[in-house]
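Encoded as structure tokens, the structure appears first; notes follow it.
Derivation of every value follows stated rules applied to the coordinates shown; laboratory data play no part. Here the structure is a predicted model, which means the values were calculated and not measured. All Cβ positions, even for glycine, are placed from backbone atoms using ideal geometry, and neighbour counts span all protein chains on display.
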Amino acid sequence: MTLANGTIGTTYTITGIQTDDEELNDFLFTLGCYSGEKITIVSMVSESYVVSIRDGRYNIDVNLADAIAVEA
Amino acid sequence: MRIALAGNPNSGKTTLYNALTGKNEHAGNWAGVTVDKREALIKKNLSSDKELLAVDLPGAYSMSPFTSEESITSSYVKQEKPDAIINIVDATNLSRSLFFTTQLLELGVPMVVALNKADINDKKETKIDTAKLAEELGCPVVETSAISAKGMDVLVAKVAEVVGKEQFAPFVQGNIDLHSKEAVNTADRKRFDFVNGIVSKVETRKVLTSEKNKQDKLDAVLAHKWLGIPIFAVVMWAVFSISQAHLGPMIADVLVGWIEGFAEMVAGSVEDASPFMQSLLVDGIIGGVGAVVGFLPLVMVMYFLIALLEDCGYMARVAVVMDRFFKKVGLSGKSIIPMVIGTGCAIPGVMASRTIRNERERRTTAMLTPFMPCGAKLPVIALFAGAFFSDASWVGTLMYFAGILFIILGALLTLKITGTKVRKSFFIMELPEYKMPSLKVAFLSMMDRAKAFIIKAGTIILVCNAVVQIMQSFDWSFQLVEEGMESTSILASIASPFALLFIPLGFGIWQLAAAAITGFIAKENVVGTLAVVFSITNFIDVEELELVAGATEVAGIMGMTSVAALAYLMFNLFTPPCFAAIGAMNSEMQSKKWLWGGIALQFGTGYAVAFLVYQIGTLMTTGTVGDGFIGGLIAVVAMVAIVIGLIAKGEAKADEYALNGKVAAK
């Protein structure tokens, strides 16, 4: 599944980033968003997700949420 | 000695830089405000009289750059060999920040870690053992709170201590094949594992970041799907209302009283001079500059309020709310940041478009940012709002959101003309914590911009007004123009042909044309020139506590209907910005084609909008269309035809991409 079908308040383990945009992949990595790491959906605002990765809070859009493969 | 400040975005580098150097650089509570490096000497009382040069760098998450401003940071610390690095670490996000820290430590440049935002940690009862952290990293760690300038003396003392000494990197990547994606990835994972190890040793956290908190409750309202935009509208209305209808005019009244007194005093002392010299000095220079400076309090109050907004963390939420709409026209929420900065001044706004990775998005943003009403346009708005409309605050708010609307339409047009299919774009924005905005920061930011405003008024505006006064006093045979023969002056004869073009827009008189033209040098000039050409010494009434003296009188002198005034105002706001901002557009776009396209779009927008406002408004108020309707219609239809032609070409291009099986990404 991807983060886009995740539920609010749940912490998932990232299994991979599905993108051919290598730079985006590298960028997410530096935030600590890569396979094996945890990601939590905190809430949804304006059709986008508020997530917590490590100790940072980010807003990500549906496209990006859909590119983050996760497992419960 | 050069000391580089490096750290993650929004870790507080610029705030720390300001605290160290006493400078007043623009900082905001979101990622990516600083897009260029800058340097200044550290305050003498901190540096114990040594020459220490602090270098502020754009934020970066790692040594491998993602956007152009991040590459400034990595290449500076790698190649320019600073004598020391202050690594600003956001203490609330140690587990992410230390990734970059360990990379910096590998450079072999003496380093001190400034553990910033320690005060937020205290509130959340997160404890960091700094002694242990220093031991693990092998470099000194100093707790700081840049916002209240705490820990600066210790920080500078530590820097002086480490310079010239050797430090050992706690984590060394070792000799890996940098071209092998896999090898780099494995090494980076190891680095993060190492960071995790340190964090688990030094940090105790009571409140987890992943838990819902008060901030989320606030987000749920401020960044709400439907409420987000109305709330933003109310906030901006409040900004305009306070600055243009309440607090601003109150202060302006006092200031204008002083200016009047000064003008009278000067007039008294030059009584014996020639009438031309008298009018040049009193009407031209003091009158013109005074008319502009009279609006300074309005601009200052506005800057103060905007600084508060930027500092509290709300602007990142505005970006989130706007992303949905901007995405539909091929921009992203990131584009809102340059536009917010552009509300202060278009030049740094245009420069801030550098944080946008996609070239087309970046150029489009740089092209459209000047549609925002900047500080220089504010006096123009205030003047027309006061002279022609009863309540000043709604005019400002309307212009602000009209600016956003034109940005969205302009972006859509650009998308069509460049033949780009809306590509799948990703949006990620760090959400900074909300905080009480600092009054001190807002005050300093306001004073800094006020200083710039006064300097501009005393230089460019002064010279322009003097030139305008001279040009309207003489005719082409260099004889003084007699009263009643104003239309023979040099100024009138230059401006008249332009005035013809403006007839369909409702302001086809040379005085207004001249003011609009001087506006390209600096937008404040519109106000200054109007004061000079209509010999109105000041617009703000001291006695009546009214923003514009005898509003109907001013309106009468200018000889315009309210509809024409609105058209004139919008023409001035939405035509190309001042030359300096066009210069900034040029350097960010790096393409002459885009630059000229952008200027053409801005001219077209200004003309078409003014035409529609004047003609439709006149039709609604008087029942017939205004002057020069046919001529203007032909011009606007021609513009529309050109645009349709360009769109058709763009679509052909898009189809071509599709046929070739290419992704029309750029």
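So what is the calculated 222 nm ellipticity per residue for the protein assembly as shown, using -39500 (n - 2.57) for each DSSP H run with n of 4 or more, over all residues, to the nearest 500 deg cm²/dmol?
On the way: 32 runs with 406 residues, N = 738.
Value at 222 nm, helices only: -17500 deg cm²/dmol.
With an 8 Å Cα cut-off and a minimum separation of 6 or more residues, compute the relative contact order for segment B:229-658 in percent. Let's see the in-between values first.
Values: 657 pairs, mean separation 94.0, N = 430.
Relative contact order for segment B:229-658 comes out at 22 percent.
Can you tell me the relative contact order of segment A:3-71? Whole percent, Cα pairs under 8 Å, sequence separation 6 or more. Mind showing how you got there, number by number?
Numbers: 122 pairs, mean separation 28.5, N = 69.
Across segment A:3-71, relative contact order equals 41 percent.
Which residue, A:THR19, A:THR30, A:THR40, has the most motion in a Gaussian network model of chain A that connects Cα atoms within less than 10 Å?
Comparing A:THR19, A:THR30, A:THR40 in a Gaussian network model of chain A, the most mobile one is A:THR30.
At 1.306 mPa s and 10 °C, plugging the Kirkwood radius over alpha-carbon pairs of the protein assembly as shown into Stokes-Einstein gives what diffusion coefficient in µm²/s?
Details: Rh = 27.9 Å.
Translational D for this selection: 57 µm²/s.
Over the whole of B:195-201, what's the average partner chain Cβ count within 10 Å per residue? Rounded to a whole number, please.
Values: counts 2, 3, 0, 0, 2, 0, 0.
Neighbouring Cβ atoms belonging to other protein chains average 1 per residue here.
In whole angstrom, how far apart do the alpha carbon centroids of segment B:18-56 and segment B:107-183 sit?
Each part reduced to its Cα centre gives a spacing of 18 Å.
Dipole size in debye (nearest 20) for segment A:3-71 around its Cα centre, Lys and Arg Cβ +1, Asp and Glu Cβ -1?
Its charge dipole is roughly 420 debye.
Under a Cβ-Cβ cut-off of 10 Å, what is the net charge of the residues other than B:GLN173 that fall near it, where Lys and Arg count +1 and Asp and Glu count -1? Can you show the working numbers first?
Numbers: positive: B:LYS190, B:ARG191; negative: B:GLU106, B:ASP188.
So the environment of B:GLN173 carries a net charge of 0.
Placing +1 at every Lys and Arg Cβ and -1 at every Asp and Glu Cβ, with all other atoms neutral, what dipole size does segment B:229-658 have around its Cα centre, in debye to the nearest 20?
On the way: 25 positive and 30 negative charges, 592 e Å.
The calculation lands at about 2840 debye.
Can you give the local net charge around B:ALA522? Use residues other than it whose beta-carbon is closer than 12 angstrom to its beta-carbon, Lys and Arg +1, Asp and Glu -1.
Working: positive: B:LYS377, B:LYS456, B:LYS523; negative: B:GLU524.
Result for the local shell: +2.
Considering the Cα positions of segment B:229-658, please state its Rg to one decimal place and its Dmax as a whole number of Å.
Radius of gyration, then largest Cα-Cα span, for segment B:229-658: 22.1, 78 Å.
Put +1 on the Cβ of each Lys and Arg and -1 on the Cβ of each Asp and Glu in chain B; which of B:ILE86, B:VAL526, B:PRO373 then has its Cα farthest toward the positive end of the dipole?
B:ILE86
Would you work out the charge dipole size for the protein assembly as shown about its Cα centre, treating the Cβ of every Lys and Arg as +1 and the Cβ of every Asp and Glu as -1, and quote it to the nearest 20 debye? Numbers along the way, then the final one.
On the way: 60 positive and 71 negative charges, 454 e Å.
For the protein assembly as shown, the charge dipole is close to 2180 debye.
Just want the answer: with Cβ charges of +1 for Lys and Arg and -1 for Asp and Glu, which residue in B:VAL481, B:MET620, B:LEU409 is farthest toward the dipole's positive end in segment B:229-658?
My answer, from the dipole projection, is B:LEU409.
Can you pull out the chymotrypsin sites (Phe, Trp or Tyr not before Pro) in segment B:205-296 that DSSP calls coil and that have at most 11 other Cβ atoms within 10 Å? Don't jump to the answer; show the numbers that get you there.
Working: sites: B:TRP226, B:PHE232, B:TRP237, B:PHE240, B:TRP258, B:PHE262, B:PHE276, B:PHE295; in loops: B:TRP226, B:PHE295.
Taking segment B:205-296 and a limit of 11 other Cβ atoms within 10 Å, the loop chymotrypsin sites (Phe, Trp or Tyr not before Pro) found are B:TRP226.
Rounded to whole Å and sorted largest first, list the principal axis extents of the Cα atoms in segment B:138-234.
55, 44, 29
Towards the positive end of the charge dipole of the protein assembly as shown, with charges on Cβ (+1 Lys, Arg; -1 Asp, Glu), say which of B:SER279, A:ILE68, B:TRP258 has the farthest Cα.
Result: A:ILE68, furthest along the dipole toward the positive end.
Which value results for Rg/Rh of segment B:355-430 when Rg is the Cα radius of gyration and Rh the Kirkwood radius based on the inverse mean 1/r? Please report the intermediate quantities before stating the final value.
Working: Rg = 16.1 Å, Rh = 14.5 Å.
Rg/Rh: 1.11.
By the gyration tensor of its Cα atoms, with a ≥ b ≥ c the square roots of the eigenvalues, what is the shape of segment B:49-165: rounded for a/c under 1.5, prolate for a/b over b/c, or oblate? If you can, show how the numbers build up before the last one.
Working: a/c = 1.55, a/b = 1.21, b/c = 1.29.
Taking the square roots of the gyration eigenvalues as a ≥ b ≥ c, segment B:49-165 is oblate.
In the P(r) worked out for segment B:2-204, what percent of Cα pairs fall beyond 27 Å?
Tail of P(r) above 27 Å: 24 percent of Cα pairs.
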